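For reference, the structure discussed in these notes is given below.
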Amino acid sequence: MPETITSRDAARFPIIASCTLFGLYLFFKVFSQEYINLLLSVYFFVLGVLALSHTMSPLMTRIFPDSFPNKQYQLLFTQGSGEAKEEVVNYEFDTKNLVCLVISSVVGVWYLFKKHWIANNLFGLAFALNGVELLHLNNVSTGCILLGGLFVYDVFWVFGTNVMVTVAKSFEAPIKLVFPQDLLERGLNASNFAMLGLGDIVIPGIFIALLLRFDVSLKKNSRTYFYTSFLAYIFGLGLTIFVMHTFKHAQPALLYLVPVCIGFPVVVALLKGELTEMFRYEETPPEDEDAKEDSSDSEKKDQ
């Protein structure tokens, strides 16, 4: 089930992220980088295999023919006995899911032993897609709080200290996408990379996804705010790359992404006279919707 981010969560997020980042920085300063990365590699191997398998599953469903023998399985763990028995794990899957898991495991082993940039990016994209799918903002105001707070966080830790850059270069895990700058010279064996943190994809991504759901709620059969924010993201990312190459210095991507991802849709809403409607739009968490359905059902029974 998706996790809904409230305004309180959004306000605390930059503080929690700062503590985590600085904690990692201290870890790399105090302990051996080799052993930390070995532990993290195993941890992200497991997470990456599961995330990539989940991401591939819809694609595999389309690729496999209808004649494919697709059997259903169930993994069930319980604790206790008799009336006190409780489900700990109840996971249903099929043969197609197992095929996805095998393919993902091959990519995982490739990443674990070779740390190849393609395997890193496959895992990174899987993490980003799952993040956008499972994290939801409840309204536009919460999105502005989250993006604004992380705007300050990104600028401070990149320009104010060397913490962000040090951790990004030391952290050998698929928490970033890497782009080979010497691809033409060295091909797949490229070793000089530019980096884009997954936070620079997921955080604007969940805001863009919120605007897509707002488009749907308007019932106008258009995706104006989604396309506006998506093009704004591309523009902001291009501006980041341009400035980075111009000044030859690492840039906080959110410095450029946040103003355009918020500013462009707000300007469009102003021009269309839908600004108030945009900021009034609010989503109800799935658990709240279930509670409402249960209460309405009970009311009907009472009547």
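The values are calculated or read from the model by the stated rules, or taken from the named source; none is laboratory data. Keep in mind that what you see is a predicted model, and the values were worked out from it rather than measured. Here Cβ is always computed from backbone atoms with ideal geometry, including for glycine, and neighbour counts include all displayed protein chains. For accessibility, only protein heavy atoms count, side chains too; no ligands or nucleic acids. Shrake-Rupley method; radii C 1.70, N 1.55, O 1.52, S 1.80 Å.
At a glance:
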{"item": "Unmet criterion (only one of (1) in contact (Cβ under 8 Å) with a residue 12 or more places away in the chain; (2) part of a helix (DSSP H, G or I); (3) open to solvent by less than 50 Å² (accessible area, probe 1.4 Å)) for Thr61", "result": "(3)"}
{"item": "Some residue of region 34-41 being in contact (Cβ under 8 Å) with a residue 40 or more places away in the chain and β-branched (Val, Ile, Thr)", "result": "no"}
{"item": "Answer residue from region 39-71, given it is polar (S, T, N, Q) and at pLDDT 85 or above and is nearest to the chain's Cα centre (by Cα) among those", "result": "Thr55"}
{"item": "Selection within region 162-201 - in a helix (DSSP H, G or I) and within 15 Å of Leu24 (Cβ to Cβ)", "result": "Val163, Met164, Val165, Thr166, Val167, Ala168, Lys169, Ser170, Gly199"}
{"item": "One residue from Gly148, Gly205, Gly143 being modelled with pLDDT of 90 or more, surrounded by fewer than 19 Cβ atoms within 10 Å (Cβ to Cβ) and either among the aliphatic types (A, V, I, L, M) or under 30 Å from Glu274 (Cβ atoms) (or both)", "result": "Gly148"}
{"item": "Verdict on Phe193 being surrounded by 21 or more Cβ atoms within 10 Å (Cβ to Cβ), over 14 Å from the mean Cα position of the chain (by Cα) and touching a residue at least 60 places away in the same chain (Cβ under 8 Å)", "result": "no"}
{"item": "Residue list for region 98-142, filter: of a type in the set (D, E, K, R) and over 15 Å from the mean Cα position of the chain (by Cα)", "result": "Lys114, Lys115"}
